[in-house]
Amino acid sequence: MPASATPRPAPGRPRDPLVDDRILTATEELLVTEGYQATTIAAVARRAGIVATSIYRRWPGKRELVEDTVFGLDTGAHPVPTGDLHADLLAWTELFLATAAHPAARAAIPGLLADYHGDQALYHRLLDRGERPTIDALRELLAAAAARGTAAPDCDVEAIFEILRGATLLRALTHGLEHHAEFCERITRALVTVARASTAANDG
């Protein structure tokens, strides 16, 4: 995860950002207190104190609203590289875990994944919107590490991302932030091992 999101623009008169914030806040609160299934457009409208049509002018439906609420928890700011591969990958691991372990994310992600199962095109659009920029940032980080001689020049960046995303997401959903320091250190050691491995050696 992270997959930073911003509400989609709509035609017509300019949107009131205060209304956007009320809608997103109401959605986040409902996810935490009531769960994904109960977080309906009608429920969000009641909690935000607005009419449902105000939400539909901004989002096509519940799934898109929940995506923007949950993925908007991540600011899109990637960790600043330090030049130390272990420290940098540890910072990425901590960021992924913290974002996925947010109470609203833990409530929403299982429901979103179930929805994506029936709409692969939507899921791939989400990947392009949020995950591709993250992979590109990781690729830049690892290229710099390779230039310093601390990572393999042909290391598998997408495999590193998949390990990072999968491990932190599963951990967040099952354990939250319990014993997070030990977990993040273990995953970081695994990521460093993959970063230092040449894919050419694996092919051979």
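The values are calculated or read from the model by the stated rules, or taken from the named source; none is laboratory data. This one's a predicted model, so the numbers in the text were calculated from it and none came from an experiment. Reconstructed Cβ throughout: ideal geometry from the backbone, glycine too, with neighbour counts over all protein chains shown. For the accessible areas, the whole protein counts, side chains as well, though only heavy atoms, and no ligand, DNA or RNA atoms are used. Shrake-Rupley method; radii C 1.70, N 1.55, O 1.52, S 1.80 Å.
Could you list, ordered by first residue, the pairs with Cβ atoms under 7 Å in which the first is in segment 37-48 and among the small types (Gly, Ala, Ser) and the second is in a helix (DSSP H, G or I), at least 6 apart or interchain?
Filtered contacts from segment 37-48: ALA38/LEU30; ALA42/ALA52; ALA43/LEU30; ALA45/ALA52; ALA45/ILE55; ALA48/ARG22; ALA48/ILE23; ALA48/ALA26.
Any idea which of (1) part of a loop (DSSP other than H, G, I, E, B); (2) open to solvent by 20 Å² or more (accessible area, probe 1.4 Å) is the one ALA151 doesn't satisfy?
The one condition ALA151 does not meet is (2).
So which residues in segment 188-204 are open to solvent by 30 Å² or more (accessible area, probe 1.4 Å) and either of a type in the set (Asp, Glu) or at pLDDT 95 or above (or both)?
Residues satisfying the conditions are ARG189, ALA190, THR193, VAL194, ARG196, ASP203.
Criterion first (surrounded by 16 or more Cβ atoms within 10 Å (Cβ to Cβ) and either at pLDDT 95 or above or in contact with a Phe, Trp or Tyr (Cβ under 9 Å, 6 or more places away or on another chain) (or both)) does VAL157 satisfy it?
In short, yes.
What number of residues within segment 168-191 are assigned to a helix (DSSP H, G or I), in contact (Cβ under 8 Å) with a residue 40 or more places away in the chain and among the small types (Gly, Ala, Ser)?
Adding up the residues that qualify gives 1.
Within segment 154-167, work out how many residues are under 22 Å from the mean Cα position of the chain (by Cα) and assigned to a loop (DSSP other than H, G, I, E, B). Let's see the steps before the verdict.
So in segment 154-167, the residues under 22 Å from the mean Cα position of the chain (by Cα) come out as 156-167.
Narrowing the set further to residues that are assigned to a loop (DSSP other than H, G, I, E, B) leaves 156.
Here the count works out to 1.
What number of residues in segment 66-80 are open to solvent by 30 Å² or more (accessible area, probe 1.4 Å) and either modelled with pLDDT of 95 or more or of a type in the set (Ser, Thr, Tyr) (or both)?
1
Among the residues of segment 160-187, how many are among the aliphatic types (A, V, I, L, M), open to solvent by less than 40 Å² (accessible area, probe 1.4 Å) and closer than 15 Å to ALA91 by Cα?
4
Being at pLDDT below 95, farther than 18 Å from THR93 by Cα and in contact with a Ser or Thr (Cβ under 9 Å, 6 or more places away or on another chain) is the filter here; which residues of segment 120-152 pass it?
ARG129
Checking GLY12 against (1) modelled with pLDDT under 90; (2) closer than 23 Å to HIS102 by Cα, only one condition comes out false. Which one?
In the conditions (1) modelled with pLDDT under 90; (2) closer than 23 Å to HIS102 by Cα, GLY12 misses (2) alone.
Report every pair of residues separated by at least 6 positions or lying on different chains whose Cβ atoms are under 7 Å apart, first residue within segment 76-105 and under 22 Å from GLY176 (Cβ atoms), second basic (Lys, Arg).
Taking only residues 6 or more apart or on different chains, the pairs are PHE96/ARG165; LEU97/ARG171.
Residues being of a type in the set (A, V, I, L, M) and open to solvent by less than 20 Å² (accessible area, probe 1.4 Å): count how many of those fall in segment 15-65. Even if it seems obvious, please write down each step before you answer.
Quick first cut of segment 15-65, residues of a type in the set (A, V, I, L, M) only: 18-19, 23-24, 26, 30-32, 38, 41-45, 48, 50-52, 55, 65.
Next cut, open to solvent by less than 20 Å² (accessible area, probe 1.4 Å) only: 23, 26, 30-31, 41, 43-45, 48, 55, 65.
So the count comes out to 11.
Output the number of the condition that GLU94 fails; it satisfies all remaining conditions of (1) of a type in the set (D, E, K, R); (2) open to solvent by 40 Å² or more (accessible area, probe 1.4 Å); (3) more than 18 Å from the chain's Cα centre (by Cα).
Of (1) of a type in the set (D, E, K, R); (2) open to solvent by 40 Å² or more (accessible area, probe 1.4 Å); (3) more than 18 Å from the chain's Cα centre (by Cα), only one is false for GLU94: (3).
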